[in-house]
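Data block below; observations after.
The values are calculated or read from the model by the stated rules, or taken from the named source; none is laboratory data. Only a predicted model underlies this, so the values are computations on that prediction, with no experimental measurement involved. So basically every Cβ, Gly included, is an ideal-geometry build from the backbone, and we count neighbours across all protein chains shown.
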Amino acid sequence: MSAQAGHGASVRIETCGKTFADGTRALEPATLEIARGETLVLLGPSGCGKTTMLRIIAGLELPDAGGRVLFDDKDMTAVPIERRNVGMVFQSYALFPNMTVSDNIGYGLKIRGVPEKERAARVAELVALTNISGLEHRRIDQLSGGQRQRVALARAVAIRPGILLLDEPLTALDAALRDRLRGELNRLLRALGITTIYVTHDQSEAMELGDRVVVMQKGKIAQIGTPREIYFTPNSRFVAEFIGAANIVEAAIENGHLVLPGGRQPINGDANIPAAVAMIRPETIRVMAAESAPLSGIIDSVSFIGDRQRLVVSGVSNRSLAVDAPNTVRAKSGERIGLSISPDAVRLLPPES
Amino acid sequence: MSHRSFVWLCLLPLAVVTAAFFLLPMARLVVTGAAGPQGLAGYLAILTEPRYRATLLNTVLLATATTIVTLIVATVAGMFLQRHRFPGRAILIAMLTFPLAFPGVVVGFMIILLAGRQGLIGDFSNRVLGEKLVFAYSIYGLFLGYLYFSIPRVILTIMAAVQKLDTGLEEAARSLGASPWAVQRDVVLPALAPAFVASGAIAFATAMGAFGTAFTLATNIDVLPMLIYTEFTLAANFSISAALSVGLGVVTWLILALARSFSGSAVAAAG
Ligand SMILES: Nc1ncnc2c1ncn2[C@@H]1O[C@H](COP(=O)(O)OP(=O)(O)O)[C@@H](O)[C@H]1O
Ligand SMILES: [Mg+2]
């Protein structure tokens, strides 16, 4: 059974919307499918409805009438959370203060009537897996933030859930720890291979952890795709700007060229659009000598970041362009610089967005 | 003047007041208790003299029952009132806490109106059963009065504690498979333990020492404060009433200390 359970259940959400009692429309009706063993990330700014969606899947909120939640094609909409067999990691961790670390981890097994000996073995397994040996008998208020996060994860996984739900598990930690735990969490989730739904507002977390990412905006799903898809082919200005750094260029397209103040930029196809919106990532822009370049502008500022430098160039498009240049390029603000952009790197966006 | 001596100087008035109005009468009480014909043995009378011992037992049982029933009623009601919004909620809370200001005499009066010879319960039972049910003047009437007296106080403490509960903990327990009962047992009640100890101690001590209600209901209910009163005013037995007073204080204090250390581990663990 454990090999089967290790991969968990598949999830389908059908037209699940949520309107709270006070009239807040937290979630527009959304439909979503999550494959067995997949890690799906819900990504979006604060207040966009990520937690609401997660709580509907968990069984802590009921979707508005018409919405259904299915696990392995079984309708779970009316099943309360205690019978859904989901492992949940809360943003605040919600560890039981009246229990030790091992009692926290073993709580779900105790509730299920797992015998003491078997329980202790499973707890020991998880203590080793999450790297918290030596803390078993501590009380929760004697743990650091990173340790609490691991205990919360161990507790959620101990019951061998069909689905693992995590609500911003790293947000409460400081930046350095967050980066380290992100890698650790990624390895752990891959090793478990269980269906996982992970909520975050941090796009780099989403990219690293997600098999697929659902970008959300104001209670709506803006785009669903692999990290590569949402990064390279965003379907809206919101997604383009939320994921990574993006230059948004507004210009006319004539015979397959963006007509810019700094020159003509070829794009794929030979469209003619009087008012187009295009996205160009800073790292896809190459710098070169101004004389031979298809585009040129004036350097406004240079920020040395270490592995690269970020130039802000004006006069190329309707607004300043961010350009990532190799750290060996000599660039000074005030100088004229040439730029070249491959047609593949220009992504047209729907103009209304 | 150094900082230290300044602090001590500031504490001086407090020390004087404490000595004059608390320590001195207390010391005098202790001395009086040992000044009877039996000397220090007068203190043992509360345990050795059968009538006193029975009264002490009665009082402790009454106070314990009051505390337990109060905690149960107040917890259920407080949890419900804090967690649910319904029309009339504010009025219900106001009514429940209305008796806060009543002295024991008024509470006793209300018990007589309810369960006395002309009381509502008597009228009702007379009509239904053909027999008048009257218990205001017994220990049951006193028990009812003490409940009436302590429930409002405890409800307010419990409601404040319930408001501070982290609902995330309950959701976490449920996600791990805990039934509503298991959530109460493993998460909610442990988190409320400090509030139980604090408000239960006050309910218990109040029930041990309350006098007004007992006095209003009847002069022959066997509780310690009544006994002290009769020994003092009717028998003019100063040393025995002093010894009984000290005994009342010590026994109450001992039971509370015991209860606290008993629940101490739970409270400490609940952080
Ligand atoms: N219990 C609630 N009652 C009313 N409004 C709520 C409730 N929970 C969340 N909301 C609102 O719903 C919206 C989405 O919230 P949430 O799902 O928590 O967003 P996120 O997790 O993406 O930050 C927000 O506007 C929030 O204020
Ligand atoms: Mg949230």
Could you please find all residues in region A:117-131 being touching a helix residue (DSSP H, G or I) at 6+ places or on another chain (Cβ under 8 Å) and surrounded by 13 or more Cβ atoms within 10 Å (Cβ to Cβ)? A:Arg119, A:Ala120, A:Arg122, A:Val123, A:Leu126, A:Val127, A:Leu129, A:Thr130, A:Asn131
Hey, among the residues in region B:143-184 that are among the charged types (D, E, K, R) and within 14 Å of chain A (Cβ to nearest Cβ), which one's nearest to B:Ala214 (Cα to Cα)? B:Lys164
Looking only at region A:87-132, how many residues end up being away from chain B (no Cβ under 13 Å) and either of a type in the set (Asp, Glu) or in a loop (DSSP other than H, G, I, E, B) (or both)? 7
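Return the residues of region A:136-148 that are more than 14 Å from chain B (Cβ to nearest Cβ) and in contact with a Leu (Cβ under 8 Å, 6 or more places away or on another chain); say none if nothing qualifies. If you could, list the steps in order and put the result at the bottom.
Filtering region A:136-148 for residues more than 14 Å from chain B (Cβ to nearest Cβ) gives A:136, A:144-147.
Scanning region A:136-148 gives A:Gly145, A:Gly146, A:Gln147.
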With the checklist (1) loosely packed, with under 12 Cβ neighbours inside 10 Å; (2) within 16 Å of B:Val162 (Cβ to Cβ) in hand, flag the one item B:Ala74 doesn't pass. (1)
Any chance A:Ile163 is within 16 Å of ligand 2 (Cβ to nearest atom), within 14 Å of another protein chain (Cβ to nearest Cβ), surrounded by 22 or more Cβ atoms within 10 Å (Cβ to Cβ) and among the β-branched types (Val, Ile, Thr): no
Of the conditions (1) within 14 Å of chain B (Cβ to nearest Cβ); (2) more than 16 Å from ligand 2 (Cβ to nearest atom); (3) in contact with a Pro (Cβ under 9 Å, 6 or more places away or on another chain), A:Arg155 clears all except one; give me its number. (3)
For B:Ser265: the one exception among (1) at pLDDT 90 or above; (2) under 30 Å from A:Gly108 (Cβ atoms): (1)
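Please verify whether A:Val316 is in a loop (DSSP other than H, G, I, E, B) and either crowded, with 19+ Cβ neighbours inside 10 Å or out of contact with any strand residue (DSSP E or B) (no Cβ under 9 Å at 6 or more places or on another chain) (or both), treating the condition exactly as stated. Steps first, please.
Values: in a loop (DSSP other than H, G, I, E, B): yes; either crowded, with 19+ Cβ neighbours inside 10 Å or out of contact with any strand residue (DSSP E or B) (no Cβ under 9 Å at 6 or more places or on another chain) (or both): yes.
Judged against the criteria, A:Val316 is a match.
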Selection from region A:41-83 of residues away from ligand 2 (no atom under 16 Å from the Cβ) and touching a residue at least 40 places away in the same chain (Cβ under 8 Å) yields A:Pro63, A:Asp64, A:Gly66, A:Gly67, A:Arg68, A:Val69, A:Leu70, A:Phe71, A:Asp72, A:Asp73
